[in-house]
Amino acid sequence: MNQKEPENIEVWEDLVHIKDLGLALLICGIFSLGGYFIAPNNTSDPLFYGLAGAVIGFIISSIVIKPKRSFEESGEEDK
């Protein structure tokens, strides 16, 4: 029996594709660490550069990884 393993895992009660999750973690990690390491060595600059890198990584991840959900309306309404 050659059964295919599921490609999704459950994260916070939602199914996530494993490859997309890994890609998003990689993109966000690279940008936040990149921002941290290019920051000037002042008191709080590495923190702000790292946070800015994380936000930029999130934006790029949301553009690169498209949602795969499809919603279907059933003709019934809840009252």
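The values are calculated or read from the model by the stated rules, or taken from the named source; none is laboratory data. It should be emphasised that the depicted structure is a prediction, and the values quoted were computed from it without experimental measurement. Because the Cβ atoms are built from the backbone with ideal geometry, glycine has one as well, and the counts that use them run over all protein chains shown. The area values use the complete protein model at the heavy-atom level, side chains included, leaving out ligands, DNA and RNA. Shrake-Rupley method; radii C 1.70, N 1.55, O 1.52, S 1.80 Å.
Contact map, the range 11-34: first residue of a type in the set (Gly, Ala, Ser), second residue open to solvent by less than 40 Å² (accessible area, probe 1.4 Å), Cβ cut-off under 7 Å, separation 6 or more or different chains; pairs are Ala24/Ser61; Ala24/Ile65; Ser32/Gly50; Ser32/Gly53; Ser32/Ala54; Ser32/Gly57; Gly34/Gly53.
Report yes if Leu26 is at pLDDT 85 or above and open to solvent by 90 Å² or more (accessible area, probe 1.4 Å), otherwise no.
Working: at pLDDT 85 or above: yes; open to solvent by 90 Å² or more (accessible area, probe 1.4 Å): yes.
Here the answer is yes, as Leu26 does meet what is asked.
Taking the range 37-79 as the range and being in a loop (DSSP other than H, G, I, E, B), surrounded by 10 or more Cβ atoms within 10 Å (Cβ to Cβ) and small (Gly, Ala, Ser) as the test, only Ala39 passes. In summary, Gly34 fulfils each of the numbered conditions (1) surrounded by 15 or more Cβ atoms within 10 Å (Cβ to Cβ); (2) in a strand (DSSP E or B) with the single exception of condition (2).
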